[in-house]
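First the structure, in the form of structure tokens, and then the observations on it.
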Amino acid sequence: MRIERRLLAEVPAATLARLAGDSFFASRGFLELWRTKGGHPVAWTVEADGAIAAALPGVEYGWGPIARFVSMPDGCYGGVLVDPALEDERPAFARNLFGALARRRYAKVHVF
């Protein structure tokens, strides 16, 4: 299992669609809207067997030690997106993702 922070543009569109389904709040278009407020869209991903199996898309604000991460801005429902075929792995994926978020040492993290 490998956890990686990626710019949203680095996550293949087909992969994001597979994980997010028809979720408007996890869509590339919705996350890109937050650039107007100074954020940049990212996705924390979990790779299993060489493919992205789970992701936590969100928006980062700021840089360095004062950076903040919001999984779904303004209280929209969000959370860890998991490949439906690997749903049983959700607890392990989430535990590892949240551990990576903590190690990143954001000034603030909001996961809805």
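Filter the range 1-30 down to residues that are of a type outside the set (Lys, Arg), buried (at least 16 other Cβ atoms within 10 Å of the Cβ) and outside any loop (DSSP other than H, G, I, E, B), then give me how many there are.
7
Would you confirm whether any residue within the range 17-40 is at pLDDT 90 or above and aliphatic (A, V, I, L, M)?
No, the conditions are met nowhere in the range 17-40.
Mind listing just one residue for me: the one in the range 41-63 that is open to solvent by 10 Å² or more (accessible area, probe 1.4 Å) and within 17 Å of Val109 (Cα to Cα) and, of those, modelled with the lowest pLDDT? Step through it out loud before you land on a result.
Narrowing the range 41-63 to residues open to solvent by 10 Å² or more (accessible area, probe 1.4 Å): 44, 47-52, 61-63.
Next, only the ones that are within 17 Å of Val109 (Cα to Cα) stay: 44, 61-63.
Numbers: Trp44: 94, Tyr61: 92, Gly62: 88, Trp63: 84.
This residue is Trp63.
Looking only at the range 1-29, how many residues end up being in contact with a Phe, Trp or Tyr (Cβ under 7 Å, 6 or more places away or on another chain) and touching a residue at least 40 places away in the same chain (Cβ under 8 Å)? Full working, then the answer.
As a first pass, look at the range 1-29 and keep what is in contact with a Phe, Trp or Tyr (Cβ under 7 Å, 6 or more places away or on another chain): 3, 5, 24-25.
Narrowing the set further to residues that are touching a residue at least 40 places away in the same chain (Cβ under 8 Å) leaves 3, 5, 25.
Qualifying residue count for the region: 3.
Given the conditions (1) over 15 Å from Leu101 (Cβ atoms); (2) in contact (Cβ under 8 Å) with a residue 24 or more places away in the chain, report the number of the one that Val42 does not fulfil.
Single failed check for Val42: (1).
Could you name every one of the strands (runs of 3 or more DSSP E) located completely within the range 31-103 that has at least 3 residues being of a type outside the set (Val, Ile, Thr) and within 21 Å of Ala13 (Cα to Cα)? Before the answer, list the steps.
Numbers: elements: 39-48, 51-61, 68-70.
Because the criterion is at least 3 residues that are of a type outside the set (Val, Ile, Thr) and within 21 Å of Ala13 (Cα to Cα), the strands (runs of 3 or more DSSP E) in the range 31-103 that meet it are 39-48, 51-61.
Name the pairs whose Cβ atoms lie under 7 Å apart, with the first residue in the range 85-112 and aromatic (Phe, Trp, Tyr), the second open to solvent by 60 Å² or more (accessible area, probe 1.4 Å), and 6 or more positions between them or separate chains?
Short answer, once both residue conditions are applied: Tyr106/Arg68; Phe112/Tyr77.
The values are calculated or read from the model by the stated rules, or taken from the named source; none is laboratory data. Just so it is clear, the structure is predicted and the values come from calculations on it, not from any experiment. For neighbour counting, all protein chains shown are included, and Cβ atoms are generated from backbone atoms with ideal geometry for every residue, glycine included. Please note that ligands, DNA and RNA were not included when accessible areas were found on the heavy atoms of the full protein model with its side chains. Shrake-Rupley method; radii C 1.70, N 1.55, O 1.52, S 1.80 Å.
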